[in-house]
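The values are calculated or read from the model by the stated rules, or taken from the named source; none is laboratory data. Keep in mind it's a predicted model, so treat the numbers as computed, not measured. When we count neighbours, we look across all protein chains shown, and the Cβ atoms used for this are built from the backbone with ideal geometry, even at glycine.
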Amino acid sequence: MWNYEKRLEYPINIKQTNPTLAAMIISQYGGPDGELGASMRYISQRYSMPYREVAGLLTDIGTEEFAHRG
């Protein structure tokens, strides 16, 4: 059903590495204030909401935050 090819959409050629910048970029994805952390907070908070409309909104926001990762 799925065909997974491990290749980049656009070819890149890294001439010089920058570990400091790489650490900052990685923290924005998976760090405490990153996209993954934000999406998990929204999705987990939906279960404590007394109103279904608000829970649905938190699900939508959490899903959108999760989509920012890719």
Test result for E65, surrounded by fewer than 10 Cβ atoms within 10 Å (Cβ to Cβ) and either at negative phi or charged (D, E, K, R) (or both) | no
So which pairs qualify, if the first residue must be in segment 11-39 and under 30 Å from I61 (Cβ atoms), the second must be aromatic (F, W, Y) and in a helix (DSSP H, G or I), the Cβ gap must be under 7 Å, and the two must be at least 6 apart or on different chains?
-> E35/Y29; L36/Y29; S39/F66
Might you check whether a residue that is under 14 Å from R69 (Cβ atoms) and among the β-branched types (V, I, T) occurs anywhere in segment 41-48?
-> yes
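Name the residues in segment 1-36 that are surrounded by 10 or more Cβ atoms within 10 Å (Cβ to Cβ), modelled with pLDDT of 85 or more and not in a loop (DSSP other than H, G, I, E, B), would you? Full working, then the answer.
Here is the first cut: in segment 1-36, the ones surrounded by 10 or more Cβ atoms within 10 Å (Cβ to Cβ) are 18, 22-31, 34-36.
This time we only want the ones that are modelled with pLDDT of 85 or more, so: 18, 22-24.
A22, A23, M24, listed by residue number.
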